[in-house]
Amino acid sequence: MKTYAFPFLSAVFLLAGCTAFSDDGTPSVHKGNDSILSFGKLGSATEDAPAGGWVMLGDQYTYVLDKGSSEKLSPIFKAKLKHPYEIKFAYSVKNIKKAGVTVWQEDRRFSTLLCLSYPHADKDEEKTLEKLAFTSSKGEKTPFRCINLDGKIYQPAPAAGSGLPLHVNLDIHTRSSDKNLTIDVPPLSANIRPAMPPVRPLHF
């Protein structure tokens, strides 16, 4: 998994939508939207993620980040800054303005690109952000960083409700090796602890 810098600018779910085919011949199914409502942390380990790992709570799914993705986010969220980060999800660096996540039907894995910017940095904060691998593109003063996040999806957590602070909408593209559009999404056995990081949505 790579970290990118880029100029900043449940049970069973039946996937409905328009089917297209990717370059490798794999069906790619567009399925409406999800909305990321909040973040949290795992209270206990799962088979794929450690206790204390980061979780994104959505309307449609709970997104449990794998160990590597959580390790990339933790120092950023722990940094002592005066203002929240602005965040945006995208499919990829090449598709930066499309807010979305890719889900693989066979193993429930997901992948998305999380871009964070910090538009209010003073000199001390700029030093902190540099240590966190934030950069500024030519002609831009806002430090930013884009990170690939990977993990697995589970049924939406009971804590994911409309009163939570984030409402970041994103499209879901589901890929399958055949035309079976059903994903068997289990409940998450681990409990989730509230752990809202200092973020707010960026709309562009």
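The values are calculated or read from the model by the stated rules, or taken from the named source; none is laboratory data. This is a predicted model, so every value here is computed, not measured. Glycine also receives a Cβ, built like all others from the backbone with ideal geometry; neighbour counts cover every protein chain displayed.
Against the test of being closer than 22 Å to Pro194 by Cα and aromatic (Phe, Trp, Tyr), the options Tyr85, Tyr91 yield a single qualifying residue, Tyr85.
Of all residues in region 46-80, those satisfying the criterion of being surrounded by 14 or more Cβ atoms within 10 Å (Cβ to Cβ), more than 11 Å from the chain's Cα centre (by Cα) and among the aliphatic types (A, V, I, L, M) are Ala49, Ile76, Ala79.
Taking every residue in region 99-113 that is surrounded by fewer than 21 Cβ atoms within 10 Å (Cβ to Cβ) and pairing it with any residue that is outside any strand (DSSP E or B) and among the aliphatic types (A, V, I, L, M), at least 6 positions away or on another chain, the pairs with Cβ-Cβ distances below 8 Å are Gln105/Leu15; Gln105/Leu181; Arg108/Val185. Checked against (1) modelled with pLDDT of 90 or more; (2) of a type in the set (Phe, Trp, Tyr); (3) surrounded by fewer than 21 Cβ atoms within 10 Å (Cβ to Cβ), Tyr85 meets all criteria but (3). For region 55-82, filtered to residues that are charged (D, E, K, R) and touching a strand residue (DSSP E or B) at 6+ places or on another chain (Cβ under 6 Å), the residue that is modelled with the lowest pLDDT is Asp59. Here Thr102, Thr112, Thr128 are screened, and the one residue that is modelled with pLDDT of 90 or more and either over 23 Å from Leu37 (Cα atoms) or basic (Lys, Arg) (or both) is Thr128. Of everything in region 129-154, what is surrounded by fewer than 16 Cβ atoms within 10 Å (Cβ to Cβ) and part of a helix (DSSP H, G or I)? Give them in sequence order. Result: Glu130, Lys131.
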